[in-house]
Amino acid sequence: MTNQQVPFVQPRQAEQPQAQPSQPIDERLQKLVDKAFYAGGSETAQDLRNFLNGTWLGDPLHAALTDVPLGSWTAAIVFDLLDSVRHRRDLATAADASITVGLAGALAAALAGLADWSDVDPPARRDGMFHGLLNIGATSLFAASMVFRGKRKRNQGRLFAVLGYSVAVIAARLGGQLVYKHRVGVDRTSGQTFPEEFVEVMAEAALENDKPTRADYNGVPILLVRRGERIFALAETCSHFSGPLSEGKLVGDSIVCPWHQSRFDLADGHVINGPAVHPQPCLETRIRDGKVEVRKARKETLPLD
Ligand code: FES
C-alpha cells in the first residue's frame with residue numbers, strides 16, 4: 001500500500017495541551033515548536049514534517065544536514081588561517097564563501113533539528129534545547145563575522161569566525177551525546193531478534209478482529225493485528241522511541257503509535273508518517289492448529305510498492 005492510498009490522519013495538534021507557566025522551559029518551548037510545525041493540522045503540515053524528519057530518506061535528515069555547516073565552517077577557518085599567512089585575495093574569498101554556505105546549511109539543519117526535537121522526550125529534551133541554543137549562538141557569531149568582513153574589518157571577522165567555530169564544536173559534541181547517550185534518531189528496534197522459522201505466539205481464538213494485540217517471542221514483543229482474513233505482525237515497540245504499538249490506533253491497514261503518532265503500514269512496516277524514520281521490522285504470519293505463528297519476513301514475501 002502506498003502513502004497516497006491510505007487515509008490522512010489528523011495530526012495530534014488538537015490533543016496537545018497548552019503550555020503552562022509552571023512547566024519546565026524546555027517543555028513549554030517544545031509545545032510552542034510543536035504547535036508551529038503542526039499549524040493548521042493539515043496534510044501539508046504533516047508532509048513538511050515528514051520531509052524534515054527524513055521519513056522519505058530512511059534516516060534523520062538533520063544528521064545529514066549538520067555536515068554542511070560544520071564542514072563549511074571548518075574550511076573557512078583553514079582558509080582564514082592560510083590567508084592570514086599568505087595574504088591572498090582568493091583565500092579570503094574562499095573563506096567568505098565557505099561561511100556563507102555554512103550559514104545556509106545551518107538554517108536548513110536547524111529546521112530539521114527543530115522538527116525532530118518537537119518529538120523528543122526527557123531527558124534528551126533538555127540537552128536538545130541546549131544543543132539548539134548553542135547552534136543559534138554559533139550561527140549568530142558566523143553571521144557577525146560576515147558583517148565585519150563586509151565592512152572590510154577582516155581581523156574582527158576572523159575572530160568572530162573562531163568564536164563561532166568554538167561554540168559549534170561544543171554544540172556538535174552535545175548533538176553526539178543526544179545520539180550516543182540518549183539514542184535520539186537511533187532505530188529502537190535494532191538488536192531485536194525475531195524467529196527465522198515459524199513459531200507459535202498465541203492462540204488464534206484469542207486474537208480479536210481490529211484489535212492491536214501484543215504477543216511475545218523470547219521476550220521480544222510482537223504486534224499482531226487481525227483484519228478480517230489477514231493477520232499482520234510487526235515489531236511491537238516503535239522504532240522512534242519504543243512506544244507500544246499495541247496501544248496505538250488502527251487506521252485502515254496501518255497503525256499509529258500512541259506516543260508521537262508515527263504511522264506504519266501493517267503490510268510491510270514502512271513509515272507512512274514520522275517522526276519515525278526507520279521502518280518497523282515485519283513478520284510473516286500463518287495459522288496452524290489453531291495457533292498464530294510468525295517468522296521474520298523474507299524479502300521475497302514483502303509486498304512491492
Ligand atoms: S515512540 Fe515516538 S512515534 Fe512511536
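Quick note: the coordinates plus some simple rules give every number you see, no bench work behind them. All values derive from a computational prediction rather than experimental measurement. No Cβ is skipped: glycine too gets one built from the backbone with ideal geometry, and neighbour counts run over all protein chains shown.
Quick notes on this structure:
- Formal net charge of residues neighbouring A267 (Cβ-Cβ distance under 9 Å; K, R +1; D, E -1): -2
- Leading residue at positive end of dipole, the chain (Cβ point charges), from F130, A267, H278: F130
- Lysines whose Cα lies under 19 Å from that of K211, excluding same-chain neighbours fewer than 8 positions away: K249, K291
- V199/A64 FRET efficiency (R0 30 Å; Cβ-Cβ; nearest 0.05): 0.20
- Choice from Q156, Q261, Q23 with maximal GNM fluctuation in the chain (Cα, 10 Å cutoff): Q23
- For region 60-79 versus region 219-238, the gap between their alpha-carbon centres in whole angstrom: 41 Å
- Divide the volume of the convex hull around the Cα atoms of the chain by the residue count and you get 163 Å³ per residue.
- Fewest neighbouring Cβ atoms within 10 Å first, the residues E236, E200, E229 line up as E229, E200, E236.
- Net charge, R125 excluded, C-beta distance under 10 Å - Lys, Arg +1, Asp, Glu -1: -4
- Amide H contacts of M202 (H built 1.01 Å from N, in plane; Pro and chain starts excluded): V292 sit under 5 Å, all sequence-distant by 5 or more or on other chains.
- Each stretch of four or more DSSP H residues adds -39500 (n - 2.57); spread over every residue of the chain, this sum gives -15000 deg cm²/dmol at 222 nm.
- Magnitude of the charge dipole, the chain, Cβ model with Lys/Arg +1 and Asp/Glu -1, debye to 20: 1600 debye
- Vicinal HN-Hα couplings computed from phi for region 202-208 (Karplus, 6.51 cos²θ - 1.76 cosθ + 1.60; Hz; Gly/Pro x): 6, 6, 4, 5, 7, 9, 7
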